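Student: One structure, pasted below without further comment.
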Amino acid sequence: MQVQSDGKARYESSGKISESDETDSFDYEFTISPTTRDKILELSAKAGYFQKDLDSHRKNLAFTEEDSQLQGRPAASGESTFNYSPNVAVQELTTLFQGLSVTLELGHRLE
């Protein structure tokens, strides 16, 4: 998911349908609410705009192939890929984006 400072957002998804080899891909452009946009910008700032390694690198965590990836604003460009982060702002952002993803995926399936 990409969210711009003006609230314009884009969600891209690609996944397998049940146990078949068939995939279901979709792109969705929308405008995120000002409250959610402001929360994303605030948490991104607290996370240092992802200009450092955010992964915990703990050995006793289950590894999933679905790492999270967050990118900062263009002026302070940064990107971080992680399996788990101890950074509270990153945890909140991950939860927020996962909630948005679930909502958009369910809406797509209903269509």
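Student: Within the stretch 6-43, track down each residue that is touching a Lys or Arg at 6+ places or on another chain (Cβ under 7 Å) and of a type in the set (G, A, S).
Tutor: Selection gives G7 alone.
Student: Do you know which of the residues in the stretch 11-29 that are of a type in the set (D, E) and assigned to a strand (DSSP E or B) is modelled with the lowest pLDDT?
Tutor: Looking at residues that are of a type in the set (D, E) and assigned to a strand (DSSP E or B), I get D24.
Student: Can I ask one more? Within the stretch 74-82, identify whether any single residue is part of a loop (DSSP other than H, G, I, E, B), modelled with pLDDT under 65, open to solvent by 80 Å² or more (accessible area, probe 1.4 Å) and among the charged types (D, E, K, R), and answer yes or no.
Tutor: Within the stretch 74-82, none of the residues are part of a loop (DSSP other than H, G, I, E, B), modelled with pLDDT under 65, open to solvent by 80 Å² or more (accessible area, probe 1.4 Å) and among the charged types (D, E, K, R).
Student: For the stretch 1-29, give me each residue that is polar (S, T, N, Q) and at positive phi.
Tutor: Listed by number, the list holds a single entry, S18.
Student: Which of the residues belonging to the stretch 11-33 are within 12 Å of E105 (Cβ to Cβ), open to solvent by 80 Å² or more (accessible area, probe 1.4 Å) and of a type in the set (S, T, Y)?
Tutor: S14, Y28
Student: Sticking with this one: So which pairs qualify, if the first residue must be in the stretch 14-35 and free of Cβ contacts under 8 Å to residues at least 12 places away in the same chain, the second must be of a type in the set (K, R) and open to solvent by 90 Å² or more (accessible area, probe 1.4 Å), the Cβ gap must be under 6 Å, and the two must be at least 6 apart or on different chains?
Tutor: Here the result reads T23/K16, each pair linking the stretch 14-35 to a residue that is of a type in the set (K, R) and open to solvent by 90 Å² or more (accessible area, probe 1.4 Å).
The values are calculated or read from the model by the stated rules, or taken from the named source; none is laboratory data. Bear in mind the structure is a predicted one, so any value in this text is a computation, not a measurement. Don't worry about glycine lacking a Cβ; one is built from the backbone with ideal geometry, like all the others, and counts go over all protein chains shown. The protein model used for the area step is the full one, side chains on, heavy atoms only, and it has no ligands, DNA or RNA in it. Shrake-Rupley method; radii C 1.70, N 1.55, O 1.52, S 1.80 Å.
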